[in-house]
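Peer 1: Provided herewith is a single structure, encoded as structure tokens, for subsequent inquiry.
The values are calculated or read from the model by the stated rules, or taken from the named source; none is laboratory data. The structure presented is a predicted model; accordingly, all values stated were derived computationally and were not measured. Virtual Cβ from ideal backbone geometry, glycine too; neighbours counted across all protein chains shown.
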Amino acid sequence: MKKLLFFTFTLALLFVSACQSEKDASFEDPCGGKAPGGAVGLLMSINQDKQLGLSAVNQIESDPTNFPILDSATNSVAYGHIYRIRNNILNSGKVYYKNEFPWRIRIIKDDKTLNAFCTPGGYIYVYTGLVKFLDNETQLAGVMGHEIAHADRRHSANQMLKQLGVQVLLEILTQGDPGQLASLGAQLLALKFSRTDETEADDYSVRYLYGTEYDPQGAKFFFQKIGGESSPPEFLSTHPNPDNRVQNIEATWTCLGSGGDNELFAQRYQEFKSSLP
């Protein structure tokens, strides 16, 4: 009986491994696209990624003064618009952890802040300032694709592993001490991505939008608009130069075949902006 159980277990592992390899292969492309990997994939589980993200979520949603989140029930029209954008990106077939992460999205009512971010595990936040600043839905889809890529490629988790070390980070997540988790969440909110991470997130924004109704270069249009501002947002100060990012996005789009729709959805986007308080 023990031999039979061992044999069955081994077959199950081989089946799971084969399915994973097949999934990984489907994300490869001639332009360097591949499944997420690296040390974080070996050292942290997906559930730990989500737990890490929730440490930041708890910090955000316990601080309505600094993060005044619009209620989704009383702002259902606005949320309907942003859910559509999120779903279009997730349904492109290129988001690796589409079914593993919740991809919950919240709108922060702050018209002065041009920002959006996504925590580990797929918790997305978009500021009204960014929505109102942009001109069309494709620009916002490009930004959201970029932020989704940070979570999907597990950039934050990888950065935290480097900062804290494997043992310390996993101990905090395993022990679940509220004080340590709060400190971890605060660190995540202050985290700066590397230039390599930013470039990869730009690249994958193109890939995500390629299979949607949007122009795949949506992030490029965002950088072109932001580049014309006399005072670019602070969160871009440590990022690669916007001009270089435009060139990189164009290069990825060209490598993938220069295809995709070129829709901007300006009118539909105006309806979204009008629905915000």
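Peer 1: Tell me which of these Thr113 doesn't satisfy, since it passes every other one: (1) buried (at least 20 other Cβ atoms within 10 Å of the Cβ); (2) in contact with a strand residue (DSSP E or B) (Cβ under 6 Å, 6 or more places away or on another chain).
Peer 2: For Thr113, the exception is condition (1).
Peer 1: Right, another one. Can you pull out the helices (runs of 4 or more DSSP H) entirely within region 117-187 that have at least 3 residues that are modelled with pLDDT of 95 or more and over 16 Å from the mean Cα position of the chain (by Cα)? Give the steps one after another, and end with the answer.
Peer 2: On the way: elements: 128-133, 137-152, 155-164, 166-175.
In region 117-187, 128-133 are the helices (runs of 4 or more DSSP H) which contain 3 or more residues that are modelled with pLDDT of 95 or more and over 16 Å from the mean Cα position of the chain (by Cα).
Conditions (1) part of a helix (DSSP H, G or I); (2) within 21 Å of the chain's Cα centre (by Cα); (3) surrounded by 11 or more Cβ atoms within 10 Å (Cβ to Cβ), marked per residue:
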| site | (1), (2), (3) |
| --- | --- |
| Lys34 | no, yes, yes |
| Val40 | yes, yes, yes |
| Leu52 | yes, yes, yes |
| Ala56 | yes, yes, yes |
| Ile60 | yes, yes, yes |
| Asp63 | no, no, yes |
| Asp71 | no, no, yes |
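Peer 1: Mind checking which pairs have a first residue in region 180-197 that is without any contact (Cβ under 8 Å) to a residue 24 or more places away in the chain and a second that is in a helix (DSSP H, G or I) and surrounded by 13 or more Cβ atoms within 10 Å (Cβ to Cβ), Cβ under 8 Å, 6 or more apart or different chains?
Peer 2: Gln180/Ile172
Peer 1: Still on this structure, please answer the following. All but one of (1) at pLDDT 95 or above; (2) surrounded by fewer than 23 Cβ atoms within 10 Å (Cβ to Cβ) hold for Glu234; which doesn't?
Peer 2: Status for Glu234: all satisfied but (1).
Peer 1: Another question about this same structure. Collect the residues in region 98-116 that are closer than 23 Å to Ala73 by Cβ, among the basic types (Lys, Arg) and part of a loop (DSSP other than H, G, I, E, B), keeping them in residue-number order.
Peer 2: Lys109
Peer 1: Can you tell me which residues in region 257-277 are out of contact with any Lys or Arg (no Cβ under 7 Å at 6 or more places or on another chain) and in a helix (DSSP H, G or I)?
Peer 2: Those that are out of contact with any Lys or Arg (no Cβ under 7 Å at 6 or more places or on another chain) and in a helix (DSSP H, G or I): Ala266, Gln267, Arg268, Tyr269, Gln270, Glu271, Phe272, Ser274.
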